[in-house]
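Input: a single structure, listed below in C-alpha cells.
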Amino acid sequence: MESAATTTGQARPARAGRGKPFEIRKLSELMAAEITGIDLAQPFDDVTRDAIMDALVAHHVICFRDQALTKEQQYDFTARFGELEGHVVRTWEGGKSPLVHTVSNLDKDGRPTDSPYTQGNFFWHTDKSYHEVPSLATLLHAIEIPPSGGSTQFANMYAGYEALPQHMKDRIANLHAEHSWEVSRTNTFSRTATEEEKRERPPVTHPIVRTHPVTGRKLLYIGHHTSHIVELPYGEGRALLYQLLDYATQPHRVYTHQWRKGDLVMWDNRCLVHRGMRDFDMTKHRRLLHRTVLKGSVPY
Ligand code: OGA
Ligand code: MN
C-alpha cells in the first residue's frame, strides 16, 4: 500500500478517498461489514482508530481484507484499542499462552486433526464471560484456511433479546448466571479443567440481560460458559439458559463468516455469541489463525 509522509516523518496509510480512512461495505443485513483500503501494518491516526471502533459498535463484526500482519503487528494493532487479555487455557506443553496465540486444528506435532486441544470453540459462547471483567473484542487473523468451510458463526444477541416475548423479558430481567471455566469444559466435552486453571479462574456471576456500555441497548449475555442461574434451582436455571441460547441462535439471527486468507476479523463480544464450524475435513486440511483478545468492562 502507498503511504505518505506526515510532518512528524511517520508513514501513514493512503486515504481511501475523500477524507475517509477506509471503505466499508455491509456483509449482511444482520451484522458484519468488510473494510478495505487500509493496511493495518502501517501506523494510523486516532481519528482512524475511533472510526474503526465506531464501525465495530455499529456492525458488531468487522473484517479487514488482505492483511498480512506479523504477530507483533497484530499485538500493536490490538493495543491501539486497550489492554490485551491473557488466557487461562494452557499450551500443549502446559505453559501459559502468549498474548498473541494461535487457534488451529493442529495437533502437538503440527498435523491436522479433528480432535484439537479444545472443543470449546465449536459451541456458542462469548469470549471470557467466565472472567469478572470479560472481553470487549476478539481479533482473529487468518493465516492458513481450508479450501472451503472452516467458517465462524456469529449470533446477534441484541436481536435475540429484542425478539423475546414481554413475559420472558420480565422473567429474566433481574436474573444472574454463573459463568465458569470449569463448567464450560464439561459443557463442551473438552478435557477437564486443572486445579491450577480453577484457581486462576473461579466462577463469576453476570446479569443475563446486559446493557451494552456504548449503545445502551439491552441484550442476552449467555453461552456455553454458563453454569446455572443464581436465583433459580440448578436444573430449572440451566434449562432456561439453553432455551434462551437456542432461541437467540436461530438461523435468521446468525451471520456465517467464510474466511479468506489475510482476513483480520474483529468482533464485539459484548453483544454476540460465536462458534467455529467443523464444516471441513479437519483431518486433511490445516486451519490456523492468530488471536488477540481485548479486555472489556464489568457487565451491568
Ligand atoms: C475464538 C473462537 C472460533 C473459530 O477464537 O474465540 O471462538 O472459528 N474461534 O476459530
Ligand atoms: Mn471464542
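Looking only at segment 289-300, which residues are assigned to a strand (DSSP E or B) and either over 24 Å from ILE222 (Cβ atoms) or not hydrophobic (A, V, I, L, M, F, W, C) (or both)? Quick ask: steps written out before the conclusion?
We begin by selecting, within segment 289-300, every residue assigned to a strand (DSSP E or B); these are 289-295.
Within segment 289-300, LEU289, HIS290, ARG291, THR292, LYS295 meet the criteria.
Residue check: is LEU245 over 18 Å from LEU140 (Cα atoms), surrounded by 21 or more Cβ atoms within 10 Å (Cβ to Cβ) and touching a residue at least 24 places away in the same chain (Cβ under 8 Å)? Write out each step before concluding.
Values: over 18 Å from LEU140 (Cα atoms): yes; surrounded by 21 or more Cβ atoms within 10 Å (Cβ to Cβ): yes; touching a residue at least 24 places away in the same chain (Cβ under 8 Å): yes.
Considered against the rule, which asks whether it is over 18 Å from LEU140 (Cα atoms), surrounded by 21 or more Cβ atoms within 10 Å (Cβ to Cβ) and touching a residue at least 24 places away in the same chain (Cβ under 8 Å), LEU245 comes out as yes.
What number of residues in segment 79-103 are over 29 Å from ASP45 (Cα atoms) and among the hydrophobic types (A, V, I, L, M, F, W, C)?
At the first step, the residues of segment 79-103 found to be over 29 Å from ASP45 (Cα atoms) are 87-97, 103.
Retained after the next criterion (residues that are among the hydrophobic types (A, V, I, L, M, F, W, C)): 88-89, 92, 103.
Count: 4.
From the list VAL293, VAL273, VAL254, pick out the single residue that is farther than 21 Å from HIS101 by Cα and within 16 Å of ligand 1 (Cβ to nearest atom).
Matching residue, one of VAL293, VAL273, VAL254: VAL254.
Yes/no per residue for (1) surrounded by fewer than 18 Cβ atoms within 10 Å (Cβ to Cβ); (2) part of a loop (DSSP other than H, G, I, E, B); (3) within 12 Å of ligand 1 (Cβ to nearest atom):
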position	(1), (2), (3)
TYR117	no, yes, no
LYS128	no, yes, yes
HIS131	no, yes, no
ALA137	no, no, yes
LEU140	no, no, yes
GLY149	yes, yes, yes
ALA155	no, no, no
ALA159	no, no, no
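Go through segment 137-161 and count every residue that is closer than 20 Å to HIS212 by Cβ and either in contact with an Asp or Glu (Cβ under 7 Å, 6 or more places away or on another chain) or without any contact (Cβ under 8 Å) to a residue 12 or more places away in the chain (or both).
Total meeting the criteria: 2.
Considering only residues that are assigned to a loop (DSSP other than H, G, I, E, B) and in contact with a His (Cβ under 9 Å, 6 or more places away or on another chain), which ones fall in segment 71-91?
First, the residues of segment 71-91 that are assigned to a loop (DSSP other than H, G, I, E, B): 80-83, 85-89, 91.
If the condition is that a residue be assigned to a loop (DSSP other than H, G, I, E, B) and in contact with a His (Cβ under 9 Å, 6 or more places away or on another chain), then GLU85, HIS87, VAL88, VAL89, THR91 are the ones that fit.
In segment 265-288, what residues are crowded, with 21+ Cβ neighbours inside 10 Å and either free of Cβ contacts under 8 Å to residues at least 24 places away in the same chain or part of a loop (DSSP other than H, G, I, E, B) (or both)?
ASN269, ARG270, CYS271, ARG287, listed by residue number.
All of the numbers you see were taken from the coordinates with simple rules; none came from a lab. Remember, it's a predicted structure, so these values are computed and weren't measured experimentally. Cβ coordinates were reconstructed from backbone atoms using ideal geometry, including for glycine residues, and neighbour counts include every protein chain displayed.
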